[in-house]
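First comes the structure, then the notes that go with it.
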Amino acid sequence: MSAYLEVTHLDYNYPDGTPALFDINVSIGRQEFVALIGQNGSGKTTLSKCMNGLFKPTSGSVVVDGIDTRGKGVVKQLVTRIGYVFQNPDHQLFNDSVQKEIAYGPRNINLSANEVQARVDEAARVAGVAPELYATHPFFLPKGLRQRVAIASILALKPRTIIVDEPTTGQDMRQSVEVMEFLRSLWQAGHTIIIVTHEMSIVARYAQRAIALRGGRVLVDDTVRAVFSQPDLLKQTYVEPPQITRAAQRLDGLSRHDVLTVEEMQDAFRSAISAEASQG
Ligand SMILES: Nc1ncnc2c1ncn2[C@@H]1O[C@H](COP(=O)(O)OP(=O)(O)O)[C@@H](O)[C@H]1O
Ligand SMILES: [Mg+2]
């Protein structure tokens with residue numbers, strides 16, 4: 001099956017001339033769960049914005065579902081295919097009620113009033129935004145809810161691919177789990193999810209594939225398991241594998257270096273113990 005999102009030889013320079021991305025080649029299929037990782041300034045946000053067409057390539061190309069983001073008048077085609085949720089929902093929310101906020105996208109693609117309302121209700125329900133909040137100004141909602149409204153306003157356009165920049169930053173543990181479980185449910189329902197994050201435990205738990213950037217280039221692009229089992233490579237990105245993976249990597253007796261969860265750690269211990277027992 002061909003890729004849904006094809007980034008080819010992408011370079012991006014900011015208008016002030018700052019080069020941010022160099023020769024990025026990434027191909028993402030349908031229903032993947034991808035994490036973009038790398039230290040601050042490595043280019044994650046810039047790449048995300050190139051992926052959804054907000055930024056146009058300086059050279060190279062980004063093609064989403066067969067649509068080149070450099071094409072004229074493609075914005076309306078792109079918004080129904082790939083959505084980007086800003087790191088800070090306040091950079092995205094600008095309407096004076098939750099209802100208007102979620103309706104904004106569907107209105108802009110000229111859907112009928114009935115269809116717009118249906119989209120709003122569905123997106124709000126899926127994102128966990130209660131209809132009682134429709135009249136509220138997003139400004140008066142707690143951050144976790146503002147992020148849900150931001151996600152709902154993207155969902156209302158029904159894009160197959162959703163990019164969420166730092167979904168857990170500034171949220172407590174419970175809110176983080178909630179937003180991640182929600183993204184997982186969208187993934188299971190058929191969406192492609194791309195998260196930008198510096199929390200490696202989140203990557204280990206939710207993503208299948210990790211793309212590590214360093215200095216605007218792709219350093220490694222592989223399964224999460226393969227990426228975390230190469231700590232020396234990861235070191236170059238100043239990213240450390242999750243704590244549990246590092247712990248397993250430090251234990252001499254354990255033969256596996258790709259432990260991602262507590263359950264896998266227990267398995268690794270069991271195998272180490274039975275190997276020792278059989279050696280007598
Ligand atoms: N608006 C901007 N103008 C000029 N340079 C920028 C701008 N935003 C980001 N950059 C630069 O682009 C590079 C990548 O930044 P960014 O994509 O925000 O990284 P990340 O999201 O991984 O922290 C950095 O060198 C950063 O300084
Ligand atoms: Mg960023």
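The values are calculated or read from the model by the stated rules, or taken from the named source; none is laboratory data. Bear in mind that the values here come from a model prediction, so they are computed numbers and not experimental data. Backbone-built Cβ (ideal geometry, glycine too); neighbour counts: all protein chains shown.
Details
- Residues that are more than 24 Å from GLN99 (Cβ to Cβ) and modelled with pLDDT of 85 or more within region 134-175 comprise ARG160, THR161, ILE163, ASP165, GLU166, listed in sequence order.
- Qualifying residue in region 38-52 (condition: away from ligand 2 (no atom under 16 Å from the Cβ) and either closer than 24 Å to ARG146 by Cα or in the same structural domain as ALA118 (by TED's automatic domain parsing) (or both)): no
- Odd one out for PHE140, checked against (1) more than 24 Å from CYS50 (Cβ to Cβ); (2) in contact with a helix residue (DSSP H, G or I) (Cβ under 9 Å, 6 or more places away or on another chain): (2)
So that you can scan it fast, the table gives a plain yes or no per residue for (1) more than 20 Å from the chain's Cα centre (by Cα); (2) surrounded by 13 or more Cβ atoms within 10 Å (Cβ to Cβ); (3) among the polar types (S, T, N, Q):
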position	(1), (2), (3)
HIS191	no, yes, no
THR223	no, yes, yes
PHE228	no, yes, no
LEU233	yes, yes, no
GLN249	yes, yes, yes
ASP252	yes, no, no
ASP258	yes, yes, no
GLU264	yes, yes, no
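- The listed residues are GLY60, GLY53, GLY43, GLY83, and the only one of them that is touching a residue at least 24 places away in the same chain (Cβ under 8 Å), surrounded by 16 or more Cβ atoms within 10 Å (Cβ to Cβ) and under 30 Å from ALA135 (Cβ atoms) turns out to be GLY83.
- GLY29 vs. criteria away from ligand 2 (no atom under 16 Å from the Cβ), among the small types (Gly, Ala, Ser) and under 28 Å from THR169 (Cβ atoms): yes
- Verdict on ARG217 being surrounded by fewer than 17 Cβ atoms within 10 Å (Cβ to Cβ), within 19 Å of the chain's Cα centre (by Cα), modelled with pLDDT of 90 or more and under 30 Å from PRO19 (Cα atoms): yes
- Here GLU101 clears all of (1) in contact with a Ser or Thr (Cβ under 6 Å, 6 or more places away or on another chain); (2) in a loop (DSSP other than H, G, I, E, B); (3) of a type in the set (D, E, K, R) except the condition numbered (2).
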